[in-house]
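Heads up, the thing below is written out as structure tokens.
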Amino acid sequence: MIALRFVMRCGDLFFGMVDGCAVFLIHLARISALLLATLQRLPLLFKNISLSFEQMYSIGVESLPLVTVIAVFIGATTVTQAVYQFSGFVPLKYLGLAVCKTLITEIGPVFTSMVVAQRVATSIGAEIGSMKINEQLDAMTCLNLDSVRYLFVPKTVACVIMLPILVIWSECIAFISSILTVLFSVHVTLFVYISGLKLLFNPFDLIVGVAKTSVFGAIIALTGCHFGLEAKGGAEGVGEATTKAVMASCLLILVFDFLIALYVF
Amino acid sequence: MAIDIEKPTDAPLLKIEHLKKHFGNQLVLDDVNLAINKGEIMCIIGQSGGGKSVVLKHIIGLMIPDGGRITLEGEEISSPTKKPSDFDKVRKRLGMLFQGAALFDSKNVGENITFPLREHTKYSDEQIQAIVVEALEMVGLQKGFQQKMPSELSGGMRSRVGLARALVMKPEIMLYDEPTSALDPIMTDKINELILSLRDKLHMTSLVVTHDMASAYRIADTIAMISEGKIIFSGTPAEIRASRNPYIQQFIRGQRKLHYAVSAAADEGAAFSQHVDVNELKQRLTSGKRIFSRRADDPNRQDTLTGLLSANQFNEVLEEELERSARDAEPLALVICDIDRLKALSDIHGTEFGDMALVEMGKRLSKCIRGSDHAARLESDTFALILTKTDPGNIMKTVDRIRQRVIDVVLRTQKGENIRVTVSCGIALASETVSEADTLVHNAREACAAAKNNGRNRVELHAP
């Protein structure tokens with residue numbers, strides 16, 4: 001009896017996983033379709049460029065305070081942790097090297113993207129979701145206004161352009177914060193730390209590190225739009241849509257980060 | 001409505017044929033057929049969740065049907081093989097006002113209205129501004145409203161802005177999805193006025209989905225009722241009021257009694273026929289069922305013997321009609337008809353004869369009255385008629401005519417004798433002093449008793 005129950009449990013679990021995978025793949029397919037539709041409408045972007053500028057402002061500029069604060073702590077924490085890990089084994093002249101590599105390849109781009117995803121994917125998911133619930137999307141269709149062109153393209157373009165800029169800004173702040181941390185709490189001179197930063201510096205790392213955040217930007221905007229479109233019911237549906245948008249965008253950012261690390265570096 | 005309607009041309013402007021739609025396993029539209037003429041205002045009524053809005057969404061291409069088709073001036077615009085992108089051209093001729101107006105809440109009123117104009121036309125800013133001001137004026141809003149955000153507006157104002165947004169594209173057909181459902185009575189009236197004025201000024205064809213019967217009566221040229229995915233009625237407001245279908249009657253009188261309608265409809269259609277076939281009755285009698293003088297088991301059901309309203313239903317209908325007559329200042333008369341000496345007759349000629357007399361009487365009474373009137377069987381041999389909109393000056397003559405038609409029948413007993421059955425009628429008129437149902441019934445009964453005392457087979461009016 002117990003064995004039978006165990007087998008049934010395993011079966012349930014297995015089919016649950018299959019189900020989950022299928023749902024995930026369906027969402028992925030729909031997000032890809034949305035990407036395709038967005039790319040198709042890209043040539044029309046300049047006819048309504050003001051919409052994109054509005055989005056750039058709300059997505060990029062309004063994220064600056066949050067990104068700055070986060071960057072300050074990223075810089076300081078990286079230095080502190082590196083010093084602790086190095087103590088007794090690695091000479092501190094390599095401190096700059098370690099901080100530089102981690103900041104420009106992974107922590108800077110991925111951490112910033114995740115933070116922006118949490119701010120922007122929620123807002124896009126909630127906006128599109130409530131527009132769907134209140135029939136505003138239907139109203140647009142009835143007026144022959146293409147929602148992909150007037151809503152999704154500006155948001156996607158804004159994310160793709162603004163996220164790398166935010167990341168560059170965040171890395172600058174993180175470096176300044178790391179330098180200040182070194183000056184005030186670590187027994188390394190500024191000269192040694194800076195020469196460590198420059199040691200083995202590869203511009204390719206920086207370029208790929210920044211460029212990959214454009215991909216993350218597209219992921220954030222498209223998952224937000226997609227789960228907003230899927231919203232059903234009332235306010236609860238919108239809430240669910242935003243949660244799913246954040247979870248999916250963070251997950252996809254990590255997946256794509258891994259793929260890029262695997263194939264590009 | 002003092003409006004001259006242009007005579008509709010033969011071919012309808014918009015025609016919906018056999019429209020079908022499923023959502024998952026749920027059949028929402030089964031077989032919807034509608035035809036709308038140019039310049040006509042059609043109201044689609046029905047229960048919430050009955051698929052009214054779904055019909056509109058099919059017309060404007062937000063949904064693709066599973067079966068059937070929609071034609072606009074003979075040209076097919078929607079069918080299962082069409083794609084949403086095929087609607088781009090058609091939508092220019094259609095406008096839609098959503099429930100709650102669906103204004104874009106990130107844009108102010110002015111931007112909401114100009115958005116479609118800027119994208120689809122090449123007008124200059126001045127021209128666009130002029131169009132917007134004109135549209136706002138048409139819906140009764142001032143120019144200053146343009147800077148307000150949708151969140152600052154009340155429900156009625158939102159609806160008007162939504163209407164203005166649809167109007168600037170100059171649609172030929174306007175579709176309204178519950179335009180007045182969330183509005184107070186004054187705002188509802190204003191929106192109704194607007195819909196009518198658009199028909200007058202722009203000769204616009206309108207299709208209004210609503211469950212507000214007052215609005216439907218006010219604006220509609222045609223009312224179509226949808227139930228269980230089918231159009232079960234389509235006709236003028238006067239026709240729907242006169243309809244004998246209990247479901248329709250329950251709906252247009254108020255939804256609280258819907259369960260009668262459903263149970264009556266389930267009664268193998270017998271409830272719809274309003275009268276029972278005498279042959280069928282005889283069969284029932286020979287099979288040993290005695291139904292003479294039997295009260296209906298379920299007081300909510302229609303009277304099983306005659307198919308008229310039961311006593312309980314009668315009380316509710318009477319109260320509603322009294323309310324309505326007080327509100328609309330229309331006359332209302334209650335007539336109590338009592339079959340003369342029915343007990344004695346059935347003692348002599350058998351209870352079958354008594355049943356036959358009752359059935360025949362119910363049949364004749366229901367034939368004598370108009371669609372807006374009601375007939376009920378109160379007790380074994382007492383019937384009641386509610387006559388609405390009957391001139392009180394002529395009431396005696398009217399009722400006497402009914403009496404003559406009722407007694408103009410000869411029943412044959414089992415022994416082959418021909419017997420003429422007569423009735424005594426008492427009338428009571430509703431007035432400001434007599435506005436209670438109980439008082440009215442009491443007065444009518446008194447008048448009926450007076451008619452019996454004064455020699456039977458006659459009509460008496462209760463003297464106030």
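Take every Cα pair under 8 Å whose residues are at least 6 apart in sequence, average their separation, divide by the length of chain A, and the relative contact order is 31 percent.
In chain B, with Lys and Arg counted as +1 and Asp and Glu as -1 at Cβ, which of these residues, B:N192, B:A135, B:G156, has the Cα nearest the positive end of the dipole, that is, farthest along it? My answer, from the dipole projection, is B:N192.
For B:H203, A:H226, B:H211, the sequence from fewest to most other C-beta atoms within 10 Å is B:H203, B:H211, A:H226. What FRET efficiency comes out for the pair A:L183/A:I49, r = Cβ-Cβ distance, R0 = 51 Å, nearest 0.05? For A:L183 and A:I49, the calculated efficiency is 0.70.
Plainly put, chain A has a radius of gyration that is 1.08 times its Kirkwood radius, both from alpha-carbon atoms, as the Rg/Rh ratio. For region B:14-243, count all C-alpha to C-alpha pairs, find those more than 27 Å apart, and express that count as a whole percent of the total. Value for region B:14-243: 34 percent of Cα pairs lie more than 27 Å apart.
Of the residues B:S106, B:S53, B:S215, the one with the fewest other Cβ atoms within 10 Å heads the list, and the complete ranking is B:S106, B:S53, B:S215.
Computed extension length for B:S85-B:M149: 19.9 nm, one decimal, from 0.36 nm per residue of separation with the Cα-Cα distance subtracted.
If R0 is 45 Å, the Cβ-Cβ spacing of B:H120 and A:M17 corresponds to a FRET efficiency of close to 0.40. Please give the residues of region B:439-464, grouped as numeric ranges, whose backbone N is less than 16 Å from a label point set 7 Å along the Cα-to-Cβ vector of B:A344. Hits in region B:439-464 for B:A344 at 16 Å: B:451-458. Which angle from 0 to 90°, rounded to the nearest 10, does the C-alpha axis of helix B:155-167 make with the longest principal axis of chain B? Here the helix axis deviates by roughly 60 degrees.
Compactness of region A:21-151 is given as radius of gyration and Dmax, 21.1, 70 Å, from Cα positions. How far apart, in nm, are the 7 Å Cα→Cβ label points at A:T80 and A:L254? Reported label-point gap for A:T80 and A:L254 is 2.4 nm. By Kyte-Doolittle mean hydropathy of at least -1.0 and Cα axial length of at least 27 Å, which whole DSSP H helices of chain A are selected? Those that pass (Cα extent of 27 Å or more, hydropathy at least -1.0) are A:2-41, A:64-86, A:112-133, A:153-185, A:203-229, A:235-263.
Sequence gap at least 6, Cα distance under 8 Å: using those rules, report the relative contact order of chain B to the nearest whole percent.
Result for chain B is 12 percent.
About the centre of its Cα atoms, chain A shows a dipole size close to 420 debye [charges on the beta carbon of Lys, Arg (+1) and Asp, Glu (-1) only; nearest 20 debye]. From most to least packed by mean Cβ count within 10 Å, the peptides B:60-70, A:167-177 give A:167-177, B:60-70.
Evaluated on the protein assembly as shown, the Kirkwood hydrodynamic radius is 32.0 Å, with distances taken between all distinct Cα atoms. Residue separation of B:A214 and B:Q404 scaled by 0.36 nm, minus their Cα-Cα distance, works out to 64.7 nm of gained length. On the beta carbon distance between A:E236 and A:A261, with R0 = 35 Å, the FRET formula returns roughly 0.40. Against chain B, whose longest principal axis is taken from its Cα atoms, helix B:109-120 shows a tilt of about 70°.
Diagonalise the Cα gyration tensor of chain B and give the resulting equivalent ellipsoid semi-axes, square root of 5 times each eigenvalue, largest first, whole Å. Provide the component values of the computation, followed by the final result.
Numbers: eigenvalues 579, 127, 57 Å².
Equivalent ellipsoid of chain B: 54, 25, 17 Å, largest first.
If Lys and Arg each add +1 and Asp and Glu each add -1, what is the summed charge of the other residues whose beta carbon sits under 9 Å from the beta carbon of A:G228?
-1
The mean count of C-beta atoms from other chains within 10 Å of the C-beta of residues in B:59-65, rounded to a whole number, is 2. Going from the fewest other Cβ atoms within 10 Å to the most, the residues B:H462, B:H18 appear in the order B:H18, B:H462. For chain B, the longest principal axis of the alpha carbon atoms and the long axis of helix B:437-453 meet at an angle near 30°.
For a paramagnetic label modelled on B:H22 (point 7 Å from Cα along Cα→Cβ), amide N atoms under 14 Å away are absent within region A:1-43. Simple spin-label estimate for A:F204 and B:E193 gives 7.6 nm between the two label positions (7 Å along the Cα-to-Cβ direction from each Cα). Relative contact order of region A:71-229, taken over Cα pairs closer than 8 Å and 6 or more residues apart, is 47 percent.
Over the protein assembly as shown, dividing the summed -39,500 (n - 2.57) contributions of all DSSP H runs of at least 4 residues by the number of residues returns a 222 nm mean residue ellipticity of -17500 deg cm²/dmol. Assuming charge only on the beta carbon of Lys and Arg (+1) and of Asp and Glu (-1), the dipole of the protein assembly as shown about its Cα centre is about 920 debye to the nearest 20. Take the Cα of A:Y57, step 7 Å toward its Cβ, do the same at B:K415, and the gap between the two points is 10.2 nm.
Two decimals, Cα atoms only, Kirkwood Rh: what is Rg/Rh over region A:3-48?
1.48
Read-outs: derived from the displayed coordinates by stated rules, not from any lab. Quantities reported herein were computed from a predicted structural model and do not represent experimental measurements. All Cβ positions, glycine included, derive from the backbone under ideal geometry; neighbour counts span all protein chains shown.
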